[in-house]
Amino acid sequence: MAIAVQINPDTDNPECPEPGLARWPAVDQFHVWLIFLPIQRQIEEEVRAMRARIVWAVVLSVIVLAPPVSASDSDTERVSLTGLTAVSVVVEDLSSVAQKSGLVGATLQADVERRLRQAGIQVTSDADAYLYVHVTVADPGASLPLPYMVEVALMQEVTLPRGLKTRTPLQTATWWVNSLGMSGPERLRAGVTDKVAEFADNFVRAFRSVNPAANR
(Lines give C-alpha, C1' and ligand atoms only; values in the text may rest on other atoms or scores of the structure.)
Protein backbone atom coordinates (compact mmCIF):
# COMPACT_ATOMS: atom_id res chain seq x y z
CA MET A 1 0.00 0.00 0.00
CA ALA A 2 1.52 3.33 -1.04
CA ILE A 3 1.20 6.37 1.25
CA ALA A 4 1.21 9.79 -0.33
CA VAL A 5 2.57 12.60 1.82
CA GLN A 6 2.13 16.21 0.79
CA ILE A 7 4.59 18.72 2.20
CA ASN A 8 3.69 22.41 2.05
CA PRO A 9 6.44 24.96 1.95
CA ASP A 10 6.86 27.06 5.05
CA THR A 11 8.13 30.28 3.59
CA ASP A 12 7.38 32.28 6.71
CA ASN A 13 9.63 30.12 8.87
CA PRO A 14 12.94 31.91 9.52
CA GLU A 15 14.71 28.53 9.67
CA CYS A 16 14.21 28.07 5.93
CA PRO A 17 17.39 29.28 4.20
CA GLU A 18 15.57 30.39 1.07
CA PRO A 19 11.96 31.19 0.29
CA GLY A 20 10.11 28.36 -1.34
CA LEU A 21 12.14 25.57 0.31
CA ALA A 22 9.99 23.01 2.11
CA ARG A 23 10.52 22.16 5.74
CA TRP A 24 9.71 18.57 6.82
CA PRO A 25 6.83 18.42 9.29
CA ALA A 26 7.17 16.52 12.54
CA VAL A 27 6.52 12.77 12.14
CA ASP A 28 5.00 10.88 15.06
CA GLN A 29 5.82 7.31 16.02
CA PHE A 30 2.80 5.86 14.22
CA HIS A 31 3.88 7.26 10.87
CA VAL A 32 7.44 6.05 11.46
CA TRP A 33 6.06 2.57 12.11
CA LEU A 34 4.07 2.72 8.85
CA ILE A 35 7.16 3.72 6.95
CA PHE A 36 9.46 1.06 8.40
CA LEU A 37 6.97 -1.84 8.61
CA PRO A 38 7.74 -3.17 5.09
CA ILE A 39 11.46 -2.91 5.85
CA GLN A 40 11.03 -4.83 9.10
CA ARG A 41 9.13 -7.60 7.31
CA GLN A 42 11.83 -7.87 4.68
CA ILE A 43 14.51 -8.16 7.37
CA GLU A 44 12.54 -10.91 9.14
CA GLU A 45 12.20 -12.86 5.89
CA GLU A 46 15.93 -12.56 5.25
CA VAL A 47 16.69 -13.77 8.80
CA ARG A 48 14.44 -16.81 8.32
CA ALA A 49 16.11 -17.59 5.01
CA MET A 50 19.54 -17.27 6.62
CA ARG A 51 18.55 -19.63 9.44
CA ALA A 52 17.34 -22.16 6.89
CA ARG A 53 20.65 -21.94 5.01
CA ILE A 54 22.57 -22.46 8.27
CA VAL A 55 20.47 -25.53 9.14
CA TRP A 56 21.05 -26.89 5.64
CA ALA A 57 24.80 -26.39 6.01
CA VAL A 58 24.87 -28.17 9.38
CA VAL A 59 22.74 -31.08 8.15
CA LEU A 60 24.78 -31.54 4.98
CA SER A 61 28.07 -31.36 6.88
CA VAL A 62 26.88 -34.10 9.24
CA ILE A 63 25.75 -36.31 6.37
CA VAL A 64 28.83 -35.68 4.21
CA LEU A 65 31.54 -35.75 6.86
CA ALA A 66 30.18 -38.60 8.95
CA PRO A 67 30.44 -42.16 7.56
CA PRO A 68 27.06 -43.32 6.15
CA VAL A 69 27.31 -46.59 8.08
CA SER A 70 29.25 -47.30 11.26
CA ALA A 71 29.49 -50.70 12.84
CA SER A 72 31.08 -52.74 15.58
CA ASP A 73 30.78 -56.05 13.73
CA SER A 74 34.27 -57.50 13.69
CA ASP A 75 35.21 -61.03 14.73
CA THR A 76 35.92 -59.68 18.21
CA GLU A 77 32.37 -58.37 18.65
CA ARG A 78 30.82 -61.44 17.04
CA VAL A 79 32.45 -63.70 19.61
CA SER A 80 30.24 -62.03 22.24
CA LEU A 81 27.21 -63.55 20.48
CA THR A 82 28.47 -67.10 20.93
CA GLY A 83 26.10 -69.33 22.88
CA LEU A 84 23.14 -66.94 22.93
CA THR A 85 20.01 -69.06 23.30
CA ALA A 86 17.38 -66.33 23.12
CA VAL A 87 16.99 -62.57 22.70
CA SER A 88 14.24 -60.04 23.13
CA VAL A 89 13.60 -56.97 21.00
CA VAL A 90 13.29 -53.47 22.43
CA VAL A 91 12.39 -50.44 20.31
CA GLU A 92 13.07 -47.02 21.81
CA ASP A 93 10.08 -44.66 21.91
CA LEU A 94 9.80 -42.67 18.69
CA SER A 95 9.74 -38.89 18.58
CA SER A 96 6.63 -37.00 17.49
CA VAL A 97 8.35 -36.10 14.21
CA ALA A 98 8.94 -39.78 13.44
CA GLN A 99 5.36 -40.69 14.36
CA LYS A 100 3.93 -37.95 12.15
CA SER A 101 5.83 -39.49 9.25
CA GLY A 102 4.07 -42.82 9.82
CA LEU A 103 6.64 -44.72 11.87
CA VAL A 104 5.20 -47.04 14.53
CA GLY A 105 7.40 -48.66 17.17
CA ALA A 106 5.24 -51.78 17.46
CA THR A 107 5.46 -52.33 13.70
CA LEU A 108 9.24 -52.06 13.71
CA GLN A 109 9.46 -54.47 16.65
CA ALA A 110 7.16 -57.03 15.02
CA ASP A 111 9.19 -56.97 11.80
CA VAL A 112 12.51 -57.46 13.62
CA GLU A 113 11.09 -60.30 15.72
CA ARG A 114 9.74 -61.99 12.59
CA ARG A 115 13.14 -61.85 10.88
CA LEU A 116 14.89 -63.30 13.92
CA ARG A 117 12.42 -66.17 14.24
CA GLN A 118 12.66 -66.97 10.54
CA ALA A 119 16.43 -67.23 11.02
CA GLY A 120 15.98 -69.76 13.82
CA ILE A 121 16.76 -67.34 16.67
CA GLN A 122 14.50 -67.75 19.69
CA VAL A 123 12.73 -64.54 20.68
CA THR A 124 11.30 -64.18 24.19
CA SER A 125 10.20 -61.15 26.17
CA ASP A 126 12.25 -62.06 29.27
CA ALA A 127 15.62 -62.84 27.68
CA ASP A 128 18.65 -61.27 29.35
CA ALA A 129 20.13 -60.19 26.02
CA TYR A 130 18.06 -57.93 23.82
CA LEU A 131 18.31 -56.37 20.39
CA TYR A 132 17.92 -52.64 20.88
CA VAL A 133 16.45 -50.58 18.03
CA HIS A 134 16.92 -46.83 18.31
CA VAL A 135 15.57 -44.41 15.67
CA THR A 136 16.31 -40.70 16.01
CA VAL A 137 14.65 -38.16 13.69
CA ALA A 138 15.48 -34.46 13.88
CA ASP A 139 13.21 -31.64 12.75
CA PRO A 140 15.17 -28.79 11.10
CA GLY A 141 11.96 -26.89 10.39
CA ALA A 142 10.70 -25.21 7.25
CA SER A 143 10.56 -27.58 4.27
CA LEU A 144 13.99 -29.13 4.81
CA PRO A 145 14.55 -32.90 4.61
CA LEU A 146 14.55 -34.77 7.91
CA PRO A 147 17.94 -36.05 9.12
CA TYR A 148 17.71 -39.38 10.91
CA MET A 149 19.84 -42.06 12.55
CA VAL A 150 19.05 -45.77 12.84
CA GLU A 151 20.93 -47.96 15.30
CA VAL A 152 20.54 -51.64 16.11
CA ALA A 153 22.63 -53.04 18.97
CA LEU A 154 22.83 -56.26 20.94
CA MET A 155 22.71 -55.39 24.65
CA GLN A 156 23.71 -57.96 27.25
CA GLU A 157 25.13 -58.30 30.72
CA VAL A 158 28.89 -58.13 31.08
CA THR A 159 31.30 -58.65 33.96
CA LEU A 160 34.29 -56.52 34.80
CA PRO A 161 37.78 -58.00 34.71
CA ARG A 162 39.88 -58.60 37.82
CA GLY A 163 36.92 -60.09 39.65
CA LEU A 164 35.28 -56.72 40.28
CA LYS A 165 31.59 -56.83 41.09
CA THR A 166 28.88 -54.19 40.86
CA ARG A 167 25.65 -53.82 42.78
CA THR A 168 23.59 -54.19 39.63
CA PRO A 169 24.43 -56.13 36.45
CA LEU A 170 26.10 -54.04 33.75
CA GLN A 171 24.34 -53.83 30.41
CA THR A 172 26.34 -52.77 27.40
CA ALA A 173 26.35 -53.06 23.62
CA THR A 174 28.62 -55.90 22.49
CA TRP A 175 27.58 -55.67 18.82
CA TRP A 176 26.06 -52.77 16.94
CA VAL A 177 25.58 -51.06 13.59
CA ASN A 178 24.16 -47.62 12.82
CA SER A 179 23.59 -45.29 9.90
CA LEU A 180 22.86 -41.63 9.18
CA GLY A 181 20.45 -40.54 6.48
CA MET A 182 18.22 -37.77 5.24
CA SER A 183 14.74 -38.03 3.77
CA GLY A 184 11.60 -36.09 3.02
CA PRO A 185 8.64 -36.72 5.35
CA GLU A 186 6.83 -38.73 2.70
CA ARG A 187 9.76 -41.18 2.33
CA LEU A 188 10.94 -41.35 5.93
CA ARG A 189 8.83 -44.32 6.99
CA ALA A 190 9.98 -46.50 4.10
CA GLY A 191 13.63 -45.46 4.45
CA VAL A 192 13.81 -46.11 8.19
CA THR A 193 11.85 -49.37 7.98
CA ASP A 194 14.17 -50.71 5.28
CA LYS A 195 17.25 -49.71 7.26
CA VAL A 196 16.01 -51.39 10.45
CA ALA A 197 15.28 -54.56 8.45
CA GLU A 198 18.75 -54.44 6.89
CA PHE A 199 20.42 -54.13 10.29
CA ALA A 200 18.30 -56.96 11.73
CA ASP A 201 19.54 -59.16 8.87
CA ASN A 202 23.11 -58.05 9.66
CA PHE A 203 22.62 -59.29 13.20
CA VAL A 204 21.31 -62.61 11.92
CA ARG A 205 24.46 -63.11 9.82
CA ALA A 206 26.69 -62.18 12.76
CA PHE A 207 24.79 -64.55 15.06
CA ARG A 208 25.01 -67.45 12.60
CA SER A 209 28.72 -66.92 12.06
CA VAL A 210 29.46 -67.91 15.69
CA ASN A 211 26.50 -70.23 16.25
CA PRO A 212 26.70 -72.81 13.44
CA ALA A 213 23.87 -74.86 14.92
CA ALA A 214 21.46 -72.05 14.11
CA ASN A 215 22.11 -72.61 10.40
CA ARG A 216 20.54 -76.07 10.44
Residues that are in contact with a Gly (Cβ under 8 Å, 6 or more places away or on another chain) and surrounded by 13 or more Cβ atoms within 10 Å (Cβ to Cβ), at least 1 per element: which strands (runs of 3 or more DSSP E) completely within the stretch 103-192 meet that? 146-158, 170-183
The stretch 130-156, residues that are of a type in the set (G, A, S), in contact (Cβ under 8 Å) with a residue 60 or more places away in the chain and closer than 21 Å to D111 by Cβ: none
Consider only pairs whose beta carbons are under 6 Å apart and that are at least six residues apart or on different chains; among these, list those whose first residue lies in the stretch 186-210 and is touching a residue at least 24 places away in the same chain (Cβ under 8 Å) and whose second residue is part of a helix (DSSP H, G or I). V196/L108; A200/V112; A200/R115; A206/R78; R208/A214; R208/N215; S209/R78; V210/R78
Here is a check on your reading of the model: is E186 farther than 17 Å from V97 by Cβ and modelled with pLDDT of 85 or more? no
List pairs: first residue in the stretch 74-86 and over 18 Å from L116 (Cα atoms) and assigned to a helix (DSSP H, G or I), second residue at pLDDT 90 or above and of a type in the set (S, T, N, Q) anywhere in the structure, Cβ distance under 7 angstrom, at least six positions apart or on different chains. E77/T174
Residues (in contact (Cβ under 8 Å) with a residue 24 or more places away in the chain, surrounded by fewer than 17 Cβ atoms within 10 Å (Cβ to Cβ) and in contact with a helix residue (DSSP H, G or I) (Cβ under 7 Å, 6 or more places away or on another chain)) located in the stretch 89-102: G102
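The values are calculated or read from the model by the stated rules, or taken from the named source; none is laboratory data. Given the structure is predicted, the values throughout are model-derived calculations rather than measurements. Positions of Cβ are backbone-derived with ideal geometry, glycine not excepted, and every protein chain shown enters the neighbour counts.
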